[in-house]
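**Q** Have a look at the structure that comes next, please.
The values are calculated or read from the model by the stated rules, or taken from the named source; none is laboratory data. Quick caveat: nothing in here was measured; it's all calculated off a predicted structure. No Cβ is skipped: glycine too gets one built from the backbone with ideal geometry, and neighbour counts run over all protein chains shown.
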Amino acid sequence: MLDSICRFLDGFLRIKDVEDYPNALNGLQLENDGRVTRIGAAVDASETVIEMAVGQHVDLLLVHHGLFWGGLTRLAGPQFRKINRGMPANLSIYSAHLPLDLHPQVGNNVLLAHRLELGQPEPFLMLKSQNLGYAISAQIDRDELLRRLKTVLGGKLWVCAGGPQQIRRLGIVTGGAGNELAKAAAEGVDTFVTGEGPHHTFALAEELGINLIYGGHYATETFGVRALGELISAKFGIPWTFLDHPSGL
């Protein structure tokens, strides 16, 4: 069953075609004996999440941020504990970073865009022939957009109101895309929504005349893994659960 699910995911998410940070290692990161009886979906393959997965008898964990962000490392300390906890419990781990962010059906960006109910999203912020996010042309008051974002993301927002009160074009790139602010402005948006970014983007947003909204890295990236868990559950007839471990960042 694990092989069948991974083959489907590799093709559906275009794992081999989407260029990503090398240490993302998209695809199957930890194999098990092939049995899959319960799926877990989570944002991060952290030690706490792995403990949650094992406690809920998950044997396939779908994550957005995988095990190897720091690159080549010793299997010691937390890294050893994660592997040592997962393997005896027959836990497999499958990770999809940018392939999940930019997917047109289950991607973090497009799902957040749809949840805001502002209109049809279109590809936005092109990088190496792939769009990192989505933009929407719509007329909406900034306060109303903030209200919708708070409802959809379920938490506090950080806002630099450097742009117009009446928004005409909104760009969305989930996660940590604050450093892409200048490029977003150059692509014609007056409001940019992402998860987080560096301090200097406050002044830059004011200088560029653009509204900058940080909704939280974690909060903006729960949509994709949830959708993926639901999809795989329906396709393969396996129950699934969302393992929620917010960072608050």
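**Q** Look through Gly175, Gly209, Gly215 and report the one residue that is assigned by TED's automatic domain parsing to the domain that holds Leu127, on the phi > 0 side of the Ramachandran plot and within 21 Å of the chain's Cα centre (by Cα). It would help to see each step written out before you state the result.
**A** Numbers: Gly209 fails: within 21 Å of the chain's Cα centre (by Cα); Gly215 fails: on the phi > 0 side of the Ramachandran plot.
When all the criteria are applied, what remains is Gly175.
**Q** Filter the range 1-11 down to residues that are within 20 Å of Asn108 (Cβ to Cβ) and in contact (Cβ under 8 Å) with a residue 24 or more places away in the chain and give me whichever is surrounded by the fewest Cβ atoms within 10 Å (Cβ to Cβ). Working first, answer last.
**A** If we filter the range 1-11 for residues that are within 20 Å of Asn108 (Cβ to Cβ), which is where we start, we get 8-11.
Still in the list and also in contact (Cβ under 8 Å) with a residue 24 or more places away in the chain: 8-9.
Values: Phe8: 14, Leu9: 21.
Among those that are within 20 Å of Asn108 (Cβ to Cβ) and in contact (Cβ under 8 Å) with a residue 24 or more places away in the chain, it is Phe8.
**Q** Then there is this: Looking only at residues that are basic (Lys, Arg) and assigned to a loop (DSSP other than H, G, I, E, B) in the range 1-44, which one is farthest from the chain's Cα centre (by Cα)? Don't jump to the end; show me each part of the working.
**A** Residues of the range 1-44 basic (Lys, Arg): 7, 14, 16, 35, 38.
Pick out the ones that are also assigned to a loop (DSSP other than H, G, I, E, B) and you get 14, 16, 35, 38.
On the way: Arg14: 16, Lys16: 18, Arg35: 26, Arg38: 22 Å.
Looking at residues that are basic (Lys, Arg) and assigned to a loop (DSSP other than H, G, I, E, B), I get Arg35.
**Q** Next question, about the same structure. Find the residue count for the range 45-92, including only residues that are out of contact with any Gly (no Cβ under 9 Å at 6 or more places or on another chain) and part of a helix (DSSP H, G or I).
**A** Residues in the range 45-92 being out of contact with any Gly (no Cβ under 9 Å at 6 or more places or on another chain) and part of a helix (DSSP H, G or I): 13 in total.
**Q** Also: Name the residues in the range 112-123 that are surrounded by fewer than 24 Cβ atoms within 10 Å (Cβ to Cβ) and in contact (Cβ under 8 Å) with a residue 60 or more places away in the chain, would you?
**A** Arg115 - this is the single residue of the range 112-123 that is surrounded by fewer than 24 Cβ atoms within 10 Å (Cβ to Cβ) and in contact (Cβ under 8 Å) with a residue 60 or more places away in the chain.
**Q** With respect to the numbered conditions (1) more than 19 Å from the chain's Cα centre (by Cα); (2) farther than 28 Å from Asn179 by Cβ; (3) of a type outside the set (Val, Ile, Thr), which one is the sole condition not fulfilled by Leu118?
**A** For Leu118, the exception is condition (2).
**Q** Looking at (1) under 22 Å from Ile232 (Cβ atoms); (2) surrounded by 16 or more Cβ atoms within 10 Å (Cβ to Cβ), which one does Asp33 not meet, given that it meets all the others?
**A** If we test Asp33 against (1) under 22 Å from Ile232 (Cβ atoms); (2) surrounded by 16 or more Cβ atoms within 10 Å (Cβ to Cβ), just (2) comes out false.
**Q** Still on this model: Across the range 172-226, which residue is surrounded by the most Cβ atoms within 10 Å (Cβ to Cβ) among those that are within 20 Å of Ala138 (Cα to Cα) and of a type in the set (Asp, Glu)?
**A** Out of the qualifying residues, it is Asp190.
**Q** Name, by its number, the condition in (1) closer than 13 Å to Tyr214 by Cβ; (2) in contact with an Asp or Glu (Cβ under 9 Å, 6 or more places away or on another chain); (3) part of a strand (DSSP E or B) that does not hold for Phe124.
**A** Of (1) closer than 13 Å to Tyr214 by Cβ; (2) in contact with an Asp or Glu (Cβ under 9 Å, 6 or more places away or on another chain); (3) part of a strand (DSSP E or B), only one is false for Phe124: (1).
**Q** Still on this structure, I have one more. Name the strands (runs of 3 or more DSSP E) wholly within the range 151-249 that hold at least 2 residues that are touching a residue at least 24 places away in the same chain (Cβ under 8 Å) and under 30 Å from Leu9 (Cα atoms)?
**A** 166-172, 191-194, 240-242
**Q** On the given criteria, is Arg35 modelled with pLDDT of 95 or more, over 18 Å from Tyr218 (Cβ atoms) and charged (D, E, K, R)?
**A** Working: modelled with pLDDT of 95 or more: yes; over 18 Å from Tyr218 (Cβ atoms): yes; charged (D, E, K, R): yes.
Against the criterion (modelled with pLDDT of 95 or more, over 18 Å from Tyr218 (Cβ atoms) and charged (D, E, K, R)), Arg35 qualifies.
**Q** Further question on the same structure: So Tyr218 ticks every box in (1) closer than 19 Å to Phe124 by Cα; (2) in contact with a His (Cβ under 9 Å, 6 or more places away or on another chain) but one. Which box is left unticked?
**A** All conditions are met except number (1).
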